[in-house]
Each structure stands twice: as C-alpha cells, then as structure tokens.
1. Only one of (1) surrounded by fewer than 17 Cβ atoms within 10 Å (Cβ to Cβ); (2) within 24 Å of ARG58 (Cα to Cα); (3) touching a residue at least 40 places away in the same chain (Cβ under 8 Å); (4) not β-branched (Val, Ile, Thr) is not met by HIS157, so which one is it?
2. So ASP112 fits all but one of (1) part of a loop (DSSP other than H, G, I, E, B); (2) loosely packed, with under 15 Cβ neighbours inside 10 Å; what number is the exception?
3. Of all residues in the range 142-172, count the ones that are closer than 17 Å to LEU76 by Cα and either in contact with a Pro (Cβ under 6 Å, 6 or more places away or on another chain) or basic (Lys, Arg) (or both).
4. If LEU140 satisfies every condition in (1) out of contact with any Lys or Arg (no Cβ under 9 Å at 6 or more places or on another chain); (2) assigned to a loop (DSSP other than H, G, I, E, B); (3) in contact (Cβ under 8 Å) with a residue 60 or more places away in the chain but one, which is the exception?
5. Of all residues in the range 167-182, which are buried (at least 16 other Cβ atoms within 10 Å of the Cβ), more than 30 Å from ASN142 (Cα to Cα) and not hydrophobic (A, V, I, L, M, F, W, C)?
6. Listed residues LYS39, LYS2; which is open to solvent by 60 Å² or more (accessible area, probe 1.4 Å) and either of a type in the set (Val, Ile, Thr) or modelled with pLDDT of 90 or more (or both)?
7. Of the residues that sit in the range 183-198 and are farther than 16 Å from HIS83 by Cβ and either outside any strand (DSSP E or B) or without any contact (Cβ under 8 Å) to a residue 40 or more places away in the chain (or both), which one is least open to solvent (accessible area, probe 1.4 Å)?
8. Residue under question is ASP178, and the condition is that it be of a type in the set (Asp, Glu) and at pLDDT 95 or above; does it hold?
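The values are calculated or read from the model by the stated rules, or taken from the named source; none is laboratory data. Keep in mind that what you see is a predicted model, and the values were worked out from it rather than measured. All Cβ positions, glycine included, derive from the backbone under ideal geometry; neighbour counts span all protein chains shown. Quick note on the areas: whole protein, heavy atoms, side chains included, nothing else; ligands and nucleic acids left out. Shrake-Rupley method; radii C 1.70, N 1.55, O 1.52, S 1.80 Å.
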Amino acid sequence: MKLQSLVLATAAALTMTTAFAVPAGTWSVAAGAHYVDPKSDNGTLDNGLSVDVDGDVRPTISGEYFIANNVGVELLAAIPFHHDITLKNGDTTIDAETQHLPPTLSVQYHFDGYDLPMNVKPFVGVGVNYTTFFKERIYLGNGNDLELDDSVGVAGHVGLDIPFAPTEAFRIDARYMDIKTDASLNGTDIGEVDISPWVYGVAFVKQF
C-alpha cells in the first residue's frame, strides 16, 4: 500500500512538473525597469585621478524565445542609462558624465514551478553584454574631449517569475555585467574605467 501511494505521489509530481514547463516555441516579453549599480571602486586613471561612477534607473524591455522546454534565448534592451562620473585626486575634483546602452544576449534555463506557496519559477542565465558609450562630457574647461570605448563582456542573470495568470507573471531579477571601458582625453589614453555593475530589476512578463 505504501509503495502504491509512493508511485501515485511520484506520478502526480511529474504531472505537475510537466504542467509548469515552458514549451519550446514559446515567446515571452518582459517590460519593466532596472537599476544599474556600478561597483564601488571604478579604477584610477594614469594621472592619479580615482573614478567614481554613480547609478541610474531606466525602463527596460526584453524578448525571449524558448528553443527547448524551459530553455530560452533572451535579448535585453533599454532606454539609455545616464551616469555622473566624479574624478578625484586629493582636493582636486573633476565632474564628467556619459550615457550608455547595454544590450545583453543570454541563454537561460527556467526551472519548473515551486509551490512556495504560489508556483514561482526561478531561472538562471549566462551570456554576453555589449555596452556602447556616447554623449561623454568632462567639465575641465572648453576644448577637452572625453571618450569611452565600447565594451564587450560576460553577463550572468538570476531571477524569479511569480505567475498571477496562466501566461502572465511578475519578475524580480538581478544581473552581473562585466563592463570595462578604456578612457581617453583629447585622443590620449588615460586608463581603464571598471563599471562592472549589478543590475536589479522588476518587470511584467507576458508569454505568447
């Protein structure tokens, strides 16, 4: 009798797992907002100026296509992020700023639902981030030109989908992006700026 009960319980569990799998061929779109939180030490330039890059929050959107059950390929896009930059050396402080776009392509695995008490779906992913910088400015008198090179690096992603309808969910997620950019002033290289942020977000997710 105990064996029969165990078999029935196992069959029920497998049935539930299958019910919560995201089938191959599914599309999902997530719309929300993310906060880019740069690492605390953003490097020291060749002239001894330490670099401090502040954070920013912007609306984001991502699309994901499931190439296999629970396995998706996701592309993240956003409105340009804006960062104020502070350069310091003793009592010397110089202000700068930049904008950037960080499109990120990831392969993700979505675990089957867990009843905690609702059927949440955690996921993990890894991929590549491409960050392009533009509208760089440095407040060091007229005629000074700051440039930040584009960056390519790895990206990691973890998150949790909390369903509230069969094809709709609320998402909480965090990403790590390896963003390092070479800086130049008036065409002369002055060192590397290491932003490498954690990116925290919330979104509404819809499957199709």
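1. It fails just one condition, (1).
2. (2)
3. 2
4. Only one criterion is unmet by LEU140, namely (3).
5. Passing the criteria: ARG171, ASP173, ARG175, TYR176, ASP178.
6. LYS39
7. Residue satisfying both the conditions and the ranking: SER184.
8. yes
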